[in-house]
Structures are given as structure tokens and as C-alpha cells.
Amino acid sequence: MQETTAKKKGFHVLDAIEKVGNKLPHPYILFLWLCLILAVISCICGLTGVSVVNPTTGDTVAANNLLSRDGLVWLLQNMLSNFQSFAPLGLVLAMQMAIGFAEGAGVLTTALRKAILGVPLWALTGTVLFLGINGSIASEASIIVVPALAAVAFETAGMHPIAGLLAGYAATNAGFTACIIVAGTDVLLAGVTQEAARLIDPAVTVGATANWYFMIASVFILTVTGVFVNKKFIAPRLGTYHPSGIVDNAEDKKQLTPEQSKGLRAAGIFTLVFILLLAIMVIPPNGILRGEDGSVLNGPFITGLVPILIIFFILLGIVYGVKAGTVKKSSDVPEMMAKSLEGMTSYIVLIFVIAQFINMFNYTNLGMIIAVKSAGALEAAGFTGIPLMLFFIVLCCIVNLFMTSGTAKWYIFAPILVPMMMMLGYSPEFAQVIYRIGDSTTNAITPIYPYIPIAIGMAKKYDKDFGMGSLISMMLPYSIAFLLVWIIQLIVWVVLKLPLGPGAAVFL
């Protein structure tokens, strides 16, 4: 636990945000209030007949009143299922068991100590950001894995662990849509974009690689930007980290014992074998982890990547632990897993009320109404060219605070933005890039985002006073910086008419 942290002055706005945010009620109480406020708003909207037409289906979507008989019956009948079916809960607990076991066995700390020997500190920060931004390959699992490993890596290197955690969290959220290879997000969004584009031209085809070149460049641009933000804004605010009020000798901490070296060697061999087995199941055209159509993106390798990671971390911990002597008997494995979940009880309690709020919000249809009304404002604004792009990016950033599902928002916005951009001479692939920028940058500061509690819980391991205000105030520099450099990159692409991906241009 951190005992002394001397914060530097000079970030008065961020300090104020942190101070106000941390004075808010406990997140559990805060979400109870939000549930009550939501119920009142839904009642007003329901009684006044607020509704919109879904541009995708043509159906009328009306606000549902939570305080009506139907609303109260729905809540009573779904309260337990809201909690039980809350997808992030299972993902968080399963990944925490696997990573917690690997950390308890000692393999993560040992591997990170070995890795940082002679590595410049800027390179460590850049590596965390680079891996985090590309984390969308592993879907939302990266939001748990990367920040947790980054905190351990930073602490091992003598840097503030929360600085590493925040860099990993910002990368996996604000930079979620960028990736050096085509990921599941590309496939999902391209399908929606193609359907919207065919409202204008039935022959249009939008591939999963439509934004590939733009996103490859984004990975490196955001990595450099993230390193700058971490160095200039985050590290100075956090100050110096002392685990027990004593500055440990960093060089001594990096030295490995013979047992650790033996365990690490075995873990390395296992990792190579594991990767080889995956390659055998993925690379051949008839590999068992490919989809029925023969592709990797539509196969069980992508859909089953989270379970693959869980199995890998557990087996990695066992191999290392047996060789290093940290796992002496079979019962050590479940005991270490159980211990890794000891700090998760508060998260589980908090998720109960968050799950209710998110499902209540979905039931009211207010998210759909806000998105459609916002899209209507976009259509009525009459902007063209770069002002239109900027307006839509900002609009997506704002709507993202209320509706976190990127695909769901694109179903609403695509039928408006894509045809509008095509009529102005821009390609549907370019419209998709505009949306992805706005949808990604505010993920890290969205209050209803289900992974915010787990990030705060991770940080409390190092600073018991870390709260919601701390997280949002330290994510703001990342979100703003990522948004600004992405807008600049977008303008450069337009001016230079650079290709967005294979066969995908900015203009039609």
C-alpha cells in the first residue's frame, strides 16, 4: 500500500475535478441515486409521449415509464437476471482468477523483472500503450489484462504503478478502435456501414479492411501521444511511489534467484509450445479454430480468445510454480485462485446496482431516443466538409457518455451519416472512420462504463484514497489528447487523400 505520494502543483483544473469527484457518494449510493433519477425522467418522458422513429427498422420507439405498473413488474421480474446476465461480471471474475493465480505463482512479476532489465523507462510506457491500444484483438479482456500487468511492470521498474495502470486503461479504452491487424470490431462495423451505404448505392461493398491503413497509423500516433501525456500530466500528479514508505533498491528487486530463472525458462518453453499449438489450429486453411467459411475472424479463435487467455494464464502459472517451487501441491492452484478474488467482493456488490441501472436505462429506451435525436440534430445542422466531421465526432463523444455499445450506436448513426457523407462525395469507409474516432475517445471517462469499478479497485491496491474523481481526472488528459491528434490525423488524410485501407479512399 502506498504511504507517501508527493503530488506536484500546476494542474489546478484536474485537481479540482479529482477533488469534486472523490467527494461524490460511494459509487453504490451514486448509482442508486441515478436509478431513482432515471425512473423520474422515464416517468416524465413516458407520460408526455416522447418517442422517435428508429432509422434502421422504421419502428416507433417510445419512452418506457419505470414507475408505471409495467415498469415496476419488469424490474421485479428481471432484477436477478439483470445481475446474473451482466456480461462483464463473468469476464472480470474469470480473468481475475487466471491472472491472479499467475501473479500469485510469481510468473508475471518474474517475467516483468526479467523484461525490464536494461529497458529505458520511456520504452516501458510506450510498450504498455502499444499493447493496450492493440488490445481490441482480445476484445474487452484487454481492459482487465493490460492495466493489471502494466501496474506490476511499473512497480517492478521503480515507477508509480498507478501511472502504468492508467496508461493501460486509457490505451484499452480511449484507443480501443485502433489496431495493427483487422479485429472483430472492423467486421461488425463494416457490415453496418455496408447496409447504410446501400441506401444510396445497392452495389456498394465495405470490407473489414476498410479502415486498416488509417488504424495502423493511429496505433503509433496514439502510442506516442500517450507516452507524452503520461510523462507530462500523469506521472507529475502522482509523484513518487514508496510501497511501504521505504524506497527499495530497484536493482536488487530485478535480480532473479536460480529457482525463478528455472521457472521462467520452463514458462518460456511452455509459451512457445502453446503458441505453436494455436498456430497449428489457426494457420492451415482447414484449422479447427477457423470458421466454417475458412476465415479466422469468423472462427472460434476470435470468439474463444478470452477462454484461450484464461487457460494460458492458468497453465503458465502452474508450469512456472512447479519449477520455481511456488506451487507445491495441486490444492495450491484453487487456493491461489480463491485468494485472487478476495478483493473482488466490493466490485461484485457494486456491479449489482450498476447492472440494474444499465438494464433500466435500456428498458426506458432513453439511450435510443438520445441517439436518434442527436442524429437528427446532425442532419439539421447543415454542416459540410471538415465542420461536419468535427461536429459528428463531438456528437459521438457526448452520446458515448450515455450509450456505451459502439455497434448499437452505429446502427443508429450509420443510416444518417453514411448516406449524407456519400451525397457530399465522401466514401462510406470515411464515414465509418469519423464515427470510430468519436466513439472511442470518451470510453475512458464514461461514468456508466462497467469497467470503471474494476479500474478503481485495481488502483486502490496501491492508493486507498483513489476514487472515481481520481480516475476521471487522470483519464481526461488522455481522452482530450487522443481526440485532438486523431482529428489532426483525419484532416491530414483528407488533405492528402490518403487511402483508408485496401481499395478504400476518402472520396468516392
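Quick notes
- Among the numbered conditions (1) buried (at least 24 other Cβ atoms within 10 Å of the Cβ); (2) charged (D, E, K, R); (3) modelled with pLDDT under 85, the only one that D465 does not meet is (1).
- Condition met for F482 (farther than 17 Å from C179 by Cα and aromatic (F, W, Y)): no
- Among (1) closer than 19 Å to L32 by Cα; (2) surrounded by fewer than 14 Cβ atoms within 10 Å (Cβ to Cβ); (3) of a type outside the set (S, T, N, Q); (4) modelled with pLDDT under 85 - the single one D59 does not satisfy: (1)
- Filter result for the condition that a residue is in contact (Cβ under 8 Å) with a residue 12 or more places away in the chain and under 24 Å from the mean Cα position of the chain (by Cα), over G343, G325: G343
- Across the range 152-181, the number of residues qualifying as surrounded by 24 or more Cβ atoms within 10 Å (Cβ to Cβ) and either aromatic (F, W, Y) or on the phi > 0 side of the Ramachandran plot (or both) comes to 3.
- Residues in the range 144-196 that are among the hydroxyl-bearing types (S, T, Y) and more than 30 Å from T109 (Cα to Cα): T185, T193.
- Pairs where the first residue, in the range 433-454, is touching a residue at least 60 places away in the same chain (Cβ under 8 Å) and among the basic types (K, R) and the second is crowded, with 23+ Cβ neighbours inside 10 Å and in a loop (DSSP other than H, G, I, E, B), C-beta under 7 Å, 6+ apart: R436/T177; R436/N211
- In the range 253-263, the residues that are part of a helix (DSSP H, G or I) and at pLDDT below 90: K253, K254, P258, E259, Q260, S261
- Spans of helices (runs of 4 or more DSSP H) in the range 385-485 with at least 2 residues touching a helix residue (DSSP H, G or I) at 6+ places or on another chain (Cβ under 8 Å) and more than 24 Å from G90 (Cα to Cα): 385-399, 406-423, 428-441
- Any helices (runs of 4 or more DSSP H) falling wholly within the range 83-160 and containing at least 2 residues that are modelled with pLDDT of 85 or more and not small (G, A, S): 87-105, 121-133, 142-156
- Of all residues in the range 35-69, those that are closer than 19 Å to N359 by Cα and among the charged types (D, E, K, R) total 1.
- When we screen V319, V282, V273 for residues that are surrounded by 16 or more Cβ atoms within 10 Å (Cβ to Cβ), among the β-branched types (V, I, T) and at pLDDT 90 or above, the only hit is V319.
Residue-by-condition table, conditions (1) surrounded by 21 or more Cβ atoms within 10 Å (Cβ to Cβ); (2) at pLDDT 80 or above; (3) charged (D, E, K, R):
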{"position": "V187", "(1), (2), (3)": "no, no, no"}
{"position": "E195", "(1), (2), (3)": "no, yes, yes"}
{"position": "N211", "(1), (2), (3)": "yes, yes, no"}
{"position": "F214", "(1), (2), (3)": "yes, yes, no"}
{"position": "S218", "(1), (2), (3)": "yes, yes, no"}
{"position": "H242", "(1), (2), (3)": "no, no, no"}
{"position": "A250", "(1), (2), (3)": "no, no, no"}
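- Every residue from the range 486-508 that is touching a Gly at 6+ places or on another chain (Cβ under 7 Å) and assigned to a loop (DSSP other than H, G, I, E, B): L508
- Residues in the range 206-235 that are over 20 Å from Y435 (Cα atoms), touching a helix residue (DSSP H, G or I) at 6+ places or on another chain (Cβ under 6 Å) and not hydroxyl-bearing (S, T, Y): G226, V227, V229, N230, F233, I234, A235.
- Residues of the range 46-82 satisfying the condition of being more than 31 Å from the chain's Cα centre (by Cα) and in a loop (DSSP other than H, G, I, E, B): T48, G49, V50, G58, D59, N65, L67, S68
The values are calculated or read from the model by the stated rules, or taken from the named source; none is laboratory data. The structure presented is a predicted model; accordingly, all values stated were derived computationally and were not measured. Positions of Cβ are backbone-derived with ideal geometry, glycine not excepted, and every protein chain shown enters the neighbour counts.
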